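Novice: Pasting a structure here, questions to come.
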Amino acid sequence: MKEKIVTLELAREHGLTDEEFEKIKKILGRDPNFTELGIFSVMWSEHCSYKNSIALIKTLPRNGGRLLVGAGEENAGLVDIGDGLAVAFKIESHNHPSAVEPYQGAATGVGGILRDIFTMGARPIASLNSLRFGSLESAHTRFLFELVVKGIGDYGNCFGVPTVAGEVYFDESYQTNPLVNAMAVGIVKTDQVASATAKGVGNSIMIVGSSTGRDGIHGATFASEEISEKSESKRPSVQVGDPFTEKLLLEATLEIIKGGWLIGIQDMGAAGIICSTSEMSAKGESGMKINLDKVPLRESGMIAYEIMLSESQERMLCCVKKGCEDKVKEVFEKWDLHCEIIGEVTDDGMLEISYQGELKAKVPAYDLVLGGGAPVYKRETKRPEYLDKKNNFDVNKLPEVDIYNAFIKVFSSPNITSKKWVYEQYDSMVRTNTIVGPGCDAAVIHIKDTNKALAMKTDCNGRFVYLGPKEGAKIAVAESARNIVCSGGVPLAITNCLNFGNPYKPENFWQFTEAIEGMGEACRFFDTPVTGGNVSFYNESPDAAVYPTPTIGMVGLIENLENITTSFFKNEGDLVYVIGEDFEEIGGSEFLKVIHNEVAGAPPKIDLQAEKNLHKFLLETINGKLIKSAHDVSEGGIVAALAECCIIDEKTLIGADITLPIKTREDFSLFSESQSRVIVSVSPADKDKFEAAALANKIPVLNAGRVGGSDLTINKRYSFSLEKLADVYFNTISRIMNG
Amino acid sequence: MKKPKFGVVVFPGSNCDYDAYYSLKKVLGYDVSFLWHKDTDLQNSDAIILPGGFSYGDYLRTGAIARFSPIMEKVVAFAENGGVVIGICNGFQILLEAGLLPGVMLKNKSLKFVCKDVYLKVESDKSIFTNTLENKNVLRIPVAHGDGNYFADEATLNSLTENDQIIFKYSDENGVEHEEANPNGSLLNIAGIVNTKRNVLGMMPHPERCCSGILGNTDGALIFNSVAKSLFN
């Protein structure tokens, strides 16, 4: 690559607007040179600057609860869990890279989020992922699905973090623009938390880990535009992952943090060296002099622009106390990793980048970063026209269908069936903390040397958000919390990955605005603040934006291991209760899509107070050891949820004889996806106590039948053999994939 | 009773080293030391564990580089003198590469990584790893690997069988071997074997992952306890 003459035209090619280019000139008091143009273009890209989202993100609850470090203050939020420990967790998207290079795109998504966790001094203890693809009937989807799963697996398995939970949905909306959201959870001693800052004139700046190559240059810019036919040519913008090096980097990083030699440390992800140097300087209200000659390179002939913007993976930037450099070097040498001093801290707030004897860039760090001089916009909003048409869809005109066959069809939908084909490719047990692995409502991870565990889950129903962004976002929060509670945990906090379309289209920004409002309301209501996350705009295919998908990653605390609750029925003769009310809501349901090929209607209503009451009641009865299983009713409706209770524990299938009330239409009642509903099983001996607790809490519970037998029988009319259900549930995806 | 001391080797890329350490020390109460791959001191260990993981990323061939680590020279000498060595998963692959056990590992038949609980039939109780399993002859232990498909030529397989060197075979929960119970396509459903001197065990499943009651399964502890009892009774 050669340096180019900077013109307005070149600035536009870099994704900068004319106004932004003017602003850069004003900041510098002159025209930027080529390197500086590159620097501003990535730092002011949507991906790094959050310029179109930050104003709204700031309306979300970002403190309170047990939060130690709030959103945006560090690489990931921190939540106090007692015993001198805190949990760090965050979710991030890698959608565009995964669309054009699914294996590396997904792998480096996992790698990036793991670094966000261990750069804080936290050891990753679990990994989760939330995936959206087009229809599995498409060969292209199967290609993406296969390689994304392999990418996630190969990275996490080699790194040595258990991948324990997540979700996978298939819908045509995501056909050309899949969503790959990776979440990581780590544990840190509260007195060993590292900060992403650089200060103290004369302290050393060191680059550690892998060498720097040309991979991923302008990855951040690529993430900030729509996927199109031209995107294939962006494949070189996708980074290449090396989980083995990341594992060594983890061990070395935790060792130097423990050593006490650091001022601060930050991982290098999007926008590589420029992002970490500018953000650490800005946070420490300092500057840096950087000499790129010292950066270990893996290719020859790289120019300053490329070195600054490279997104080569498995690298960190450290600010090391003067005099401690050798200690740090010793650790990295032990782990056979690069470790070089590339500069020092200054006090003038400027980033001065030199290379091969020339000053290549001189820019004020503060003006580059989010929260500093990076632009902040409020975009135009417009309520999309599709909404009225979709919401007014008259479900009553739908013909009634044969329930038995409809159920088998809905239960065979890959959106409902077990993701066993996926999670058996992930090491879900390494680190020996996995008490409840993939397949239940939430994963449960033991915190060693304590009697506590963490419950964790990701959740979002994109169809609901599409049909009603505010309600849909509330539902995503409520359902995550419900999953945590069903596992015996108290919801602590959330991280979010906001996957939306191009924010310059007013309809998309309206969806975004509404979703943020709904999410904020729900988070405040459940006292689950946002620890951080990521915004991914420009998720569009040639036809339209993907369904707005604000994925929620939630972590909850189980104070006593005895409270861990699983979703499946345990013993013959136990009573089955349905908690919560049905309102025959089939808008946006799996039934409507699978049986009538419609994504329409209004999403289910969510009554946050009813949801909160449900959580209180469930936690009370779990504490009192009154319930033996708990499973929430979600996609597919109540019969699907009951079937899961019968078969989720593949080794011990157990049936149930159930009677459910029908309100107006049988198909609507049985396939409704009304919220705030949970199925529990209760020992007959605890019947009175359980019902008394329900009465005291004013919670509607329905004694719906008993556990037992080798069939699931509904209303004496429909009988499903467990063997058939289990076969459909556990083998559908592998049959499709093995073709 | 004197406690046996286990040494857990740490290669770059080992990721079950801490799990072995924790299970042996904190759960089962034995003495344990980590042994750094660049060192050459076995620290008076009574038994050596080569743990699971992806040594050197397994970018070349599983275990192919780890066997050249300085500590391996000592481990090989220790084994040749009758010292007890257990290779788990990647550790088994390293033992094959180091020539302490016969055969090779191919990619799983599915060509996919597989992580799940499997059942192991105890094929031979004539080993210090299996001679006191509290009368259990089928164990439930998880696997997690991409290259666990054991392969050897017919002569090797015959001698493994004749010499009673096959210790564990993949089976169903009743101890019946069949193809469905085999997670990776291993010949003869082989999950674990010993050398002819019967002091070196290689197994793909992870006993260190099932030692603690908190995780709902303690079958793995039976193997480590068997070794401990044999060493000091």
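The values are calculated or read from the model by the stated rules, or taken from the named source; none is laboratory data. As the structure is a computational prediction, the values presented were derived from the model and not from experiment. Cβ sites come from the backbone with ideal geometry, for glycine too, and all protein chains shown count toward neighbours.
Novice: For the stretch A:682-723, what are the residues that are closer than 18 Å to residue A:645 by Cα and free of Cβ contacts under 8 Å to residues at least 40 places away in the same chain?
Specialist: Passing the criteria: A:719, A:721.
Novice: Just give me the residues in the stretch A:348-369 being among the hydrophobic types (A, V, I, L, M, F, W, C) and without any contact (Cβ under 8 Å) to a residue 24 or more places away in the chain, in sequence order. Walk me through how you get there before you give the answer.
Specialist: Narrowing the stretch A:348-369 to residues among the hydrophobic types (A, V, I, L, M, F, W, C): A:350-351, A:353, A:359, A:361, A:363, A:365, A:368-369.
Correct list: A:359 only.
Novice: Is the stretch B:207-214 home to any residue that is in a helix (DSSP H, G or I), surrounded by fewer than 23 Cβ atoms within 10 Å (Cβ to Cβ), without any contact (Cβ under 8 Å) to a residue 60 or more places away in the chain and out of contact with any Phe, Trp or Tyr (no Cβ under 6 Å at 6 or more places or on another chain)?
Specialist: Yes, the stretch B:207-214 contains a residue that is in a helix (DSSP H, G or I), surrounded by fewer than 23 Cβ atoms within 10 Å (Cβ to Cβ), without any contact (Cβ under 8 Å) to a residue 60 or more places away in the chain and out of contact with any Phe, Trp or Tyr (no Cβ under 6 Å at 6 or more places or on another chain).
Novice: While we're on this one: Which residues, taken from the stretch A:142-165, are more than 13 Å from chain B (Cβ to nearest Cβ) and either surrounded by fewer than 21 Cβ atoms within 10 Å (Cβ to Cβ) or modelled with pLDDT under 95 (or both)?
Specialist: Answer for the stretch A:142-165, where residues must be more than 13 Å from chain B (Cβ to nearest Cβ) and either surrounded by fewer than 21 Cβ atoms within 10 Å (Cβ to Cβ) or modelled with pLDDT under 95 (or both): A:142, A:143.
Novice: Let me ask you something else. What are the residues in the stretch A:528-573 that are of a type in the set (D, E, K, R), modelled with pLDDT under 95 and in a loop (DSSP other than H, G, I, E, B), if any?
Specialist: Within the stretch A:528-573, the first condition is being of a type in the set (D, E, K, R), and the residues that meet it are A:540, A:543, A:559, A:562, A:570, A:572.
When the remaining residues are screened for being modelled with pLDDT under 95, the result is A:540, A:543.
Correct list: A:543 only.
Novice: Still on this model: Please find, among A:287, A:301, A:272, A:241, the residue that is in contact with a Leu (Cβ under 7 Å, 6 or more places away or on another chain) and within 19 Å of residue A:214 (Cβ to Cβ).
Specialist: On the way: A:287 fails: within 19 Å of residue A:214 (Cβ to Cβ); A:301 fails: in contact with a Leu (Cβ under 7 Å, 6 or more places away or on another chain); A:241 fails: in contact with a Leu (Cβ under 7 Å, 6 or more places away or on another chain).
Every option except A:272 fails the conditions.
Novice: Having 1 or more residues that are within 14 Å of another protein chain (Cβ to nearest Cβ) is the bar; report the helices (runs of 4 or more DSSP H) wholly within the stretch A:384-455 that clear it.
Specialist: Fully inside the stretch A:384-455 and qualifying: A:420-423.
Novice: Then there's this: Of B:106, B:95, B:133, which residue is away from chain A (no Cβ under 14 Å), in contact (Cβ under 8 Å) with a residue 12 or more places away in the chain, among the aliphatic types (A, V, I, L, M) and buried (at least 24 other Cβ atoms within 10 Å of the Cβ)?
Specialist: Details: B:106 fails: buried (at least 24 other Cβ atoms within 10 Å of the Cβ); B:133 fails: buried (at least 24 other Cβ atoms within 10 Å of the Cβ).
On inspection, the qualifying residue turns out to be B:95.
Novice: Can you tell me how many residues within the stretch B:1-21 are touching a helix residue (DSSP H, G or I) at 6+ places or on another chain (Cβ under 7 Å) and either within 12 Å of chain A (Cβ to nearest Cβ) or part of a loop (DSSP other than H, G, I, E, B) (or both)?
Specialist: First pass over the stretch B:1-21, keeping only residues touching a helix residue (DSSP H, G or I) at 6+ places or on another chain (Cβ under 7 Å): B:1-2, B:4, B:6, B:8-16, B:19-20.
From what is left, the residues that are either within 12 Å of chain A (Cβ to nearest Cβ) or part of a loop (DSSP other than H, G, I, E, B) (or both) are B:1-2, B:4, B:10-16, B:19-20.
Total satisfying the criteria: 12.
Listed here are the residues, each with its yes/no results for (1) in contact with a His (Cβ under 7 Å, 6 or more places away or on another chain); (2) farther than 17 Å from residue B:193 by Cα.
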site: B:16; (1), (2): yes, yes
site: B:30; (1), (2): no, yes
site: B:41; (1), (2): no, yes
site: B:51; (1), (2): no, no
site: B:61; (1), (2): no, yes
site: B:64; (1), (2): no, yes
site: B:87; (1), (2): no, no
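Novice: Report, by residue number, each residue of the stretch B:22-39 that is within 11 Å of chain A (Cβ to nearest Cβ) and more than 25 Å from residue B:73 (Cα to Cα).
Specialist: Once the filter is applied, which keeps residues that are within 11 Å of chain A (Cβ to nearest Cβ) and more than 25 Å from residue B:73 (Cα to Cα), the stretch B:22-39 yields B:22, B:23, B:26, B:27.
Novice: Any idea which of B:146, B:53 is buried (at least 24 other Cβ atoms within 10 Å of the Cβ), within 14 Å of the chain's Cα centre (by Cα) and within 14 Å of chain A (Cβ to nearest Cβ)?
Specialist: B:53
Novice: In the stretch B:87-141, how many are farther than 16 Å from residue B:205 by Cβ, acidic (Asp, Glu) and outside any loop (DSSP other than H, G, I, E, B)?
Specialist: 1
Novice: May I ask you to list the residues in the stretch A:271-295 that are outside any helix (DSSP H, G or I), closer than 18 Å to residue A:315 by Cα and of a type in the set (S, T, N, Q)?
Specialist: Within the stretch A:271-295, just A:291 meets the criteria.
Novice: Hey, can you tell me all the residues within the stretch A:648-683 that are closer than 17 Å to residue A:577 by Cα and in a helix (DSSP H, G or I)?
Specialist: A:669, A:670
Yes or no, residue by residue, for (1) outside any strand (DSSP E or B); (2) among the charged types (D, E, K, R); (3) within 26 Å of residue A:282 (Cβ to Cβ):
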residue	(1), (2), (3)
A:52	yes, no, yes
A:61	yes, no, yes
A:74	yes, yes, yes
A:91	no, no, yes
A:113	yes, no, yes
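Novice: Looking only at the stretch A:113-141, which residues are surrounded by fewer than 24 Cβ atoms within 10 Å (Cβ to Cβ) and away from chain B (no Cβ under 14 Å)?
Specialist: Going through the stretch A:113-141, the residues surrounded by fewer than 24 Cβ atoms within 10 Å (Cβ to Cβ) turn out to be A:123, A:134-141.
Residues satisfying the conditions are A:134, A:135, A:136, A:137, A:138, A:139, A:140, A:141.
Novice: Oh, and also: So which of B:191, B:144 is within 27 Å of residue B:78 (Cα to Cα) and not aromatic (Phe, Trp, Tyr)? Steps first, please.
Specialist: Details: B:144 fails: within 27 Å of residue B:78 (Cα to Cα).
After applying the criteria, what remains is B:191.
Novice: State whether the residues of the stretch A:174-196 include one that is surrounded by fewer than 24 Cβ atoms within 10 Å (Cβ to Cβ), under 30 Å from residue A:277 (Cβ atoms) and within 14 Å of chain B (Cβ to nearest Cβ).
Specialist: Yes: one or more hits.
Novice: Checking the structure you have, find out if any residue of the stretch B:73-81 is surrounded by 23 or more Cβ atoms within 10 Å (Cβ to Cβ), in a strand (DSSP E or B) and aliphatic (A, V, I, L, M). Explain how you work it out, then say what you get.
Specialist: Step one: filter the stretch B:73-81 for residues surrounded by 23 or more Cβ atoms within 10 Å (Cβ to Cβ), giving B:75.
Next, only the ones that are in a strand (DSSP E or B) stay: none.
Within the stretch B:73-81, none of the residues are surrounded by 23 or more Cβ atoms within 10 Å (Cβ to Cβ), in a strand (DSSP E or B) and aliphatic (A, V, I, L, M).
Novice: Any residue in the stretch B:56-76 that is more than 14 Å from chain A (Cβ to nearest Cβ) and modelled with pLDDT of 95 or more sitting within a Cβ distance under 8 Å of a residue that is crowded, with 18+ Cβ neighbours inside 10 Å and in a helix (DSSP H, G or I)? List the pairs, counting only those 6 or more apart or interchain.
Specialist: From the stretch B:56-76, the pairs are B:72/B:66; B:72/B:94.
Novice: Would you check which residues across the stretch A:282-335 are within 14 Å of another protein chain (Cβ to nearest Cβ), touching a Ser or Thr at 6+ places or on another chain (Cβ under 9 Å) and charged (D, E, K, R) and list them?
Specialist: The one that is within 14 Å of another protein chain (Cβ to nearest Cβ), touching a Ser or Thr at 6+ places or on another chain (Cβ under 9 Å) and charged (D, E, K, R): A:314.
Novice: Out of B:182, B:163, report the one residue that is within 30 Å of residue A:649 (Cβ to Cβ) and of a type in the set (S, T, N, Q). Spell out the reasoning first.
Specialist: Values: B:163 fails: within 30 Å of residue A:649 (Cβ to Cβ).
The match here is B:182.
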